[in-house]
Amino acid sequence: MDIKKPALVIGIMFIAVGLLGFIPNPIIGESGKAIFHADTMHNIVHIVSGILFLVFAFAAPAYAPAFMKIFGVVYLLLGIIGIVNFGMDRMGTVLGFLHVNGADNLLHMGLGVAIFIAAFLPNAK
């Protein structure tokens, strides 16, 4: 599998999630009832992250594995910081601008590991 494919899929998913966060729904949003807390800044971070994945997929695929490794580690650390500071039951702000809840923290850790592992797919150069 070419590294462009997972980078492309991840990029599209991040952009879709970022856009979904601007539409009232029970999954992603600012409401305390949403499963994943995402305010405007969090949505913008998702969209920018998705664009970066697309840039690496199309314009710099040779650097995509390094980007994905770094991105995976950063996301894993965001999740760990969120869990350590807020646990699973509270909301808070990570790094002074990213509002998260327990579900966000678990998702960030899972995505971090998955994206990091995806950087090592066969033929990922």
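Just name the residue that is nearest to the chain's Cα centre (by Cα) out of those in the range 32-44 that are in a helix (DSSP H, G or I) and surrounded by fewer than 17 Cβ atoms within 10 Å (Cβ to Cβ).
44
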Problem - Single match in 68, 1, 91 (criterion: at pLDDT 95 or above and among the aliphatic types (A, V, I, L, M)) - result: 68
Exercise for the section: Considering only the range 74-125, state which residues are part of a helix (DSSP H, G or I), touching a residue at least 40 places away in the same chain (Cβ under 8 Å) and either of a type in the set (A, V, I, L, M, F, W, C) or farther than 17 Å from residue 28 by Cα (or both). Expected result: 75, 76, 103, 107, 112, 113, 114, 115, 116, 117, 118
Exercise for the section: Report whether or not residue 71 is in contact (Cβ under 8 Å) with a residue 40 or more places away in the chain, within 19 Å of residue 18 (Cβ to Cβ) and in contact with a Ser or Thr (Cβ under 8 Å, 6 or more places away or on another chain). Expected result: yes
Completion exercise
Matching residues in the range 61-90 (farther than 18 Å from residue 36 by Cα and not hydrophobic (A, V, I, L, M, F, W, C)) number 5
Completion exercise
Here the qualifying pairs (Cβ atoms under 8 Å; residues six or more apart or on different chains; first in the range 33-56 and more than 11 Å from residue 21 (Cα to Cα); second among the hydroxyl-bearing types (Ser, Thr, Tyr)) come out as 56/63
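The values are calculated or read from the model by the stated rules, or taken from the named source; none is laboratory data. Values in this document were obtained by computation on a predicted structure and should not be read as measured data. Methodologically, a virtual Cβ is constructed for each residue, glycine included, from the backbone with ideal geometry; neighbour enumeration extends over all protein chains shown.
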